[in-house]
Amino acid sequence: MAKRILASAALALAAVSLASCGSNTEEVVEAPDGVPGMAVENARMVLNAVEGNPASVYLDLKYDGDRALSLSRVAVEGAESAVMHQYGEYDFKIQMMEALPIPLTKGSEVIFKPGDLHIMAMGVSPELKPGGTTEVTLIVSGGDKYSFPAEILAAGDAR
C-alpha cells in the first residue's frame, strides 16, 4: 500500500514538472523600453540553403547594466519559434543542444557565432528574404525585452 501511495505521488510530481516545461513558442508582441545597459551589434540572420529548415541568428551582445540578470529566451519576427543553441559534448560526441540561461553582469560580452552559441529560428516565413531585415527580441529574467533589427543573409553569404 505504501509503495502505491509513493508511486502515485512520484507520478503526480512528474506530471506537474512536465506541465511546467513550456515550449519557446510564446509570441512576443512588443518590447517595452528595453533593458538598460544592453547593446547589440553585428546582428544577422542566415537563412538555410534548404527552404523550410531552421535559420541561424548571430550577434554581439554587450551588457553594462547595474543589475545582474539572465538571458532566458529569444523570439524572431517571422519565425514560428526560436531557441538559443550551443554546442557541447554528450555521449562522447560534440552535439548541438539548447543553451541554458546566460548570466549577464556589468561588463558581460556574449558572442553568438557559427559553431558556438547561436539562435535557431524554426518555421521561418518564406517572406523573409536576403537583403531584408527582421526583428530579434532577447528576453531576460523578469520578462524585460530588448529588440533590435537583424540583417537577413543568404546561406552562402559571409556570416
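Computed from the coordinates by the stated procedures, all read-outs in this text should not be read as laboratory data. As the structure is a prediction and not an experimental result, all values here were calculated from the model. Every residue, glycine among them, receives a Cβ derived from its backbone with ideal geometry; neighbour counts consider all protein chains shown.
May I ask for the net charge around Val136, where only other residues with Cβ less than 13 Å from the Cβ of Val136 are counted and Lys, Arg are +1 while Asp, Glu are -1? Show your work: numbers first, answer last.
On the way: positive: Arg44, Arg73, Lys145; negative: Glu41, Asp60, Glu77, Glu135, Glu151.
Once positives and negatives cancel, what remains is -2.
Sequence gap of 8 or more, or different chains, plus Cα separation below 19 Å: how many lysine pairs satisfy both in segment 26-153? List each step's numbers first, then the result.
Details: Lys62/Lys106; Lys62/Lys113; Lys62/Lys145; Lys106/Lys145.
Close lysine pairs under the 19 Å cut-off: 4.
Gap in Å between the Cα centre of segment 64-117 and the Cα centre of segment 130-153?
About 14 Å separates the Cα centre of segment 130-153 from the one of segment 64-117.
Among the GluC sites (Glu not before Pro) in segment 33-121, which ones are in a DSSP loop with at most 12 other Cβ atoms within 10 Å of the Cβ? Mind listing them?
Passing both the DSSP loop test and the Cβ count: Glu51.
Determine, for Lys93, Lys62, Lys129, Lys145, the number of other Cβ atoms within 10 Å of each Cβ, and report the residues in order from fewest to most. Walk me through the numbers before you get to the answer.
On the way: Lys93 7, Lys62 15, Lys129 10, Lys145 20.
Placing the least packed residue first, the sequence is Lys93, Lys129, Lys62, Lys145.
What list of ³J(HN,Hα) values in whole Hz, one per residue of segment 113-129 in order, does the Karplus curve 6.51 cos²θ - 1.76 cosθ + 1.60 (θ = phi - 60°) give from phi, with Gly and Pro shown as x?
9, x, x, 9, 5, 7, 10, 9, 10, 9, x, 6, 5, x, 6, 7, 10
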